[in-house]
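**Student:** Sending over a structure as C-alpha cells; questions will come in a sec.
The values are calculated or read from the model by the stated rules, or taken from the named source; none is laboratory data. Only a predicted model underlies this, so the values are computations on that prediction, with no experimental measurement involved. Cβ coordinates were reconstructed from backbone atoms using ideal geometry, including for glycine residues, and neighbour counts include every protein chain displayed. Please note that ligands, DNA and RNA were not included when accessible areas were found on the heavy atoms of the full protein model with its side chains. Shrake-Rupley method; radii C 1.70, N 1.55, O 1.52, S 1.80 Å.
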Amino acid sequence: MAILIIASHDRPDWWARELKQRDADLDVRVWPDVRDPADITYALAWKPPAGALASLPNLSIVFSLGAGVDHLFTDPDFPAHVAVVRVVDPYLTAGMREYVLLHTLRYHKNQPALDQQQRDHIWDDRAHELRQADEKGVGFLGLGELGQACGNALVGLGFDVAGWSRSAKDLPGITCFDGRGGLDALLGRSRILICLLPLTPETEGILDADLFSKLPKGAYLINAARGGHMVEEDLIPALEAGRLAHATLDVFREEPLPADHPFWDHPQITVTPHNAAITDPRSVVAQILDDIAHHTRGAALSNQVDTRLGY
Ligand code: NDP
Ligand code: OXD
C-alpha cells in the first residue's frame with residue numbers, strides 16, 4: 001500500500017510530512033515521483049492533472065484536499081470505480097464562518113459606502129438606511145456543512161437567516177427553502193446573499209443576471225463557493241445598474257484571477273484569493289488515516305461523496 005500526494009499547488013511536502021509524523025512506516029510518494037503506479041492505493045488530491053488518477057490501476061480512494069470535489073470530476077478520465085472522500089473539518093468550517101461573518105457584518109454596517117465617504121472626506125452619519133440585524137434578510141445558497149454553520153452563527157447575532165438546499169430541511173432558527181421552486185422565495189428576501197453551493201452541472205452559472213434581478217434592489221453578494229457559479233459578464237452590469245450594491249468574491253472562473261481582470265479595480269467588488277477557508281493538514285491528516293484504517297477493515301468511510309450527485 002502506498003499513498004500518493006498529487007496536489008502541486010497545495011503544499012504537497014507539508015502533507016507528506018504530516019503523514020510521516022503520524023506513522024513513520026507509511027509509504028508516501030509525491031507526484032510526479034509515483035514509481036510503480038500499481039503500488040498506489042490511496043491518493044490525496046487537489047486539482048490533479050487530467051488522466052493522472054486513471055493511470056493508477058489499484059487506486060481505491062481519492063481524498064480531496066478540500067471540501068469541494070468539482071476539481072476531480074472535471075477530469076474526463078476520472079476512474080468511476082474509485083471512492084471519493086472530501087474534507088469536513090472543524091478548522092475549515094471555522095475559517096468559512098469567520099469569512100462569512102466578517103463580510104456580512106461589513107455589509108450590515110455599510111462599510112463599503114463608509115470607506116468611500118472616508119476617501120471623499122465626507123462626515124455623514126445619516127447617509128444610510130437604519131436597518132437592524134433582525135430586519136436584514138441573509139440568504140444562503142447551500143445549507144450543508146458550511147452553510148448551516150455560517151447560518152447558525154448569524155442567527156446567533158440576530159439576523160433573519162434563510163437558506164436553500166436540494167432536499168427539504170427543518171433547521172432551528174433558519175427559514176428553509178428547497179428545490180427549484182424554493183429559489184425565488186429565498187432570493188426575494190435576501191438583502192445579503194451568500195453562495196456556499198458545490199459546483200455541479202445543476203449549480204454551474206447560477207449567479208447570473210436573472211438571479212440578481214430577483215434579489216431586493218441594492219442587495220449584497222458573497223461568493224465563497226466556486227467561480228463557476230458566477231456568470232462573470234453579468235456582475236458588473238448588475239452593480240452599475242444598482243441592482244447589486246457590492247460583491248465579495250473569493251473564487252473565480254480562472255484562478256489566480258488574471259492581472260487585467262476588471263474585477264480587481266472595480267470599486268464595488270472585493271477580491272480575496274480563494275482563502276475563505278483553508279484546509280489544515282495538521283487536522284485533516286488524522287481523518288484521512290482513520291478512513292484508511294476503516295477501509296482496511298471494510299468499515300464505512302466518513303464524508304464519502306455521492307459521485308452521482310457530484311458533491
Ligand atoms: P455540502 O455538500 O455539505 O453542502 C452543499 C449544500 O448545497 C447542501 O445543502 C446541498 O443540498 C446544496 N445543494 C447542492 N446541489 C444543490 C442544488 N442543485 N440545488 C440546491 N441546493 C443544492 O458542502 P459544504 O457546505 O461542505 O461546502 C460547500 C462548497 O463550499 C464546497 O463544495 C466548495 O465548493 C466551497 N468551499 C469553498 C472554500 C473556499 O475557501 N472558498 C472552502 C471550502 C469549501 P442538500 O443539503 O439537500 O444535499
Ligand atoms: C475547498 C476549497 O473546497 O478550499 O475546501 O475551496
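**Student:** Give the residue that is farthest from ligand 2 (Cβ to nearest atom), with candidates limited to residues of the range 276-301 that are farther than 17 Å from ALA7 by Cβ and touching an Asp or Glu at 6+ places or on another chain (Cβ under 6 Å).
**Tutor:** Here the answer is LEU301.
**Student:** Select from the range 42-64 the residues that are away from ligand 1 (no atom under 16 Å from the Cβ), open to solvent by 50 Å² or more (accessible area, probe 1.4 Å) and part of a loop (DSSP other than H, G, I, E, B) and list them in ascending order.
**Tutor:** Listed by number, the residues that qualify are PRO49, ALA50, PRO57, ASN58.
**Student:** Being more than 16 Å from ligand 2 (Cβ to nearest atom), out of contact with any Phe, Trp or Tyr (no Cβ under 9 Å at 6 or more places or on another chain) and open to solvent by 60 Å² or more (accessible area, probe 1.4 Å) narrows it down to one of ARG243, ARG308, so name that one. Working first, answer last.
**Tutor:** Working: ARG243 fails: out of contact with any Phe, Trp or Tyr (no Cβ under 9 Å at 6 or more places or on another chain).
Just one listed residue meets the conditions, ARG308.
**Student:** Output the residues belonging to the range 94-114 that are part of a helix (DSSP H, G or I) and open to solvent by 50 Å² or more (accessible area, probe 1.4 Å).
**Tutor:** Of the residues in the range 94-114, the ones part of a helix (DSSP H, G or I) are 94-108, 111-114.
Residues satisfying the conditions are ARG97, GLU98, LEU102, LEU105, ARG106, GLN111, LEU114.
**Student:** Determine whether the range 116-135 contains at least one residue that is touching a residue at least 40 places away in the same chain (Cβ under 8 Å), in contact with a Lys or Arg (Cβ under 6 Å, 6 or more places away or on another chain) and surrounded by 12 or more Cβ atoms within 10 Å (Cβ to Cβ).
**Tutor:** no
**Student:** What are the pairs with Cβ atoms under 7 angstrom where one residue, in the range 200-222, is more than 11 Å from LEU187 (Cβ to Cβ) and the other, located anywhere, is of a type in the set (Phe, Trp, Tyr)? Sequence gap at least six, or different chains.
**Tutor:** Hits for this filter: THR200/TYR311; TYR220/TYR107.
**Student:** With of a type in the set (A, V, I, L, M, F, W, C) and touching a strand residue (DSSP E or B) at 6+ places or on another chain (Cβ under 7 Å) as the only criterion, which of ALA185, ALA153 stands out? If you could, list the steps in order and put the result at the bottom.
**Tutor:** Values: ALA153 fails: touching a strand residue (DSSP E or B) at 6+ places or on another chain (Cβ under 7 Å).
On inspection, the qualifying residue turns out to be ALA185.
**Student:** Can you run down the residue pairs with Cβ atoms below 8 Å, 6 or more apart or on separate chains, where the first is in the range 18-39 and open to solvent by 80 Å² or more (accessible area, probe 1.4 Å) and the partner is at pLDDT below 95?
**Tutor:** TRP31/ALA7; TRP31/SER8; TRP31/PRO12
**Student:** Then there's this: Scan the range 11-41 for residues that are part of a helix (DSSP H, G or I), within 20 Å of VAL85 (Cβ to Cβ) and in contact with a helix residue (DSSP H, G or I) (Cβ under 7 Å, 6 or more places away or on another chain) and jot them down.
**Tutor:** TRP14, TRP15, GLU18, LEU19, ARG22
**Student:** I'd like the full set of residues that are more than 8 Å from ligand 1 (Cβ to nearest atom), surrounded by 19 or more Cβ atoms within 10 Å (Cβ to Cβ), assigned to a loop (DSSP other than H, G, I, E, B) and among the aliphatic types (A, V, I, L, M), limited to the range 65-93.
**Tutor:** Scanning the range 65-93 gives a single hit, LEU65.
**Student:** Specify the residue that is nearest to GLY151 (Cα to Cα); the eligible residues are those in the range 166-187 that are open to solvent by 50 Å² or more (accessible area, probe 1.4 Å) and either part of a loop (DSSP other than H, G, I, E, B) or in contact (Cβ under 8 Å) with a residue 24 or more places away in the chain (or both).
**Tutor:** Taking the candidates together, the pick is GLY173.
**Student:** Could you grab me the full set of residues in the range 144-160 that are over 19 Å from the mean Cα position of the chain (by Cα) and buried (at least 21 other Cβ atoms within 10 Å of the Cβ)?
**Tutor:** PHE159 - this is the single residue of the range 144-160 that is over 19 Å from the mean Cα position of the chain (by Cα) and buried (at least 21 other Cβ atoms within 10 Å of the Cβ).
**Student:** For the range 207-227, enumerate the residues that are outside any strand (DSSP E or B) and crowded, with 19+ Cβ neighbours inside 10 Å.
**Tutor:** Quick first cut of the range 207-227, residues outside any strand (DSSP E or B) only: 208-218, 224-227.
Across the range 207-227, the qualifying residues are LEU211, PHE212, LEU215, ALA224, ALA225, ARG226.
**Student:** If I filter the range 246-267 down to residues being in contact (Cβ under 8 Å) with a residue 40 or more places away in the chain and crowded, with 19+ Cβ neighbours inside 10 Å, which single residue comes out as farthest from ligand 1 (Cβ to nearest atom)? Give the steps one after another, and end with the answer.
**Tutor:** Taking the range 246-267 first, the residues in contact (Cβ under 8 Å) with a residue 40 or more places away in the chain are 246, 248, 250, 267.
Then drop every residue that is not crowded, with 19+ Cβ neighbours inside 10 Å, which leaves 246, 248, 250.
Values: HIS246: 18, THR248: 11, ASP250: 5 Å.
Selected residue: HIS246.
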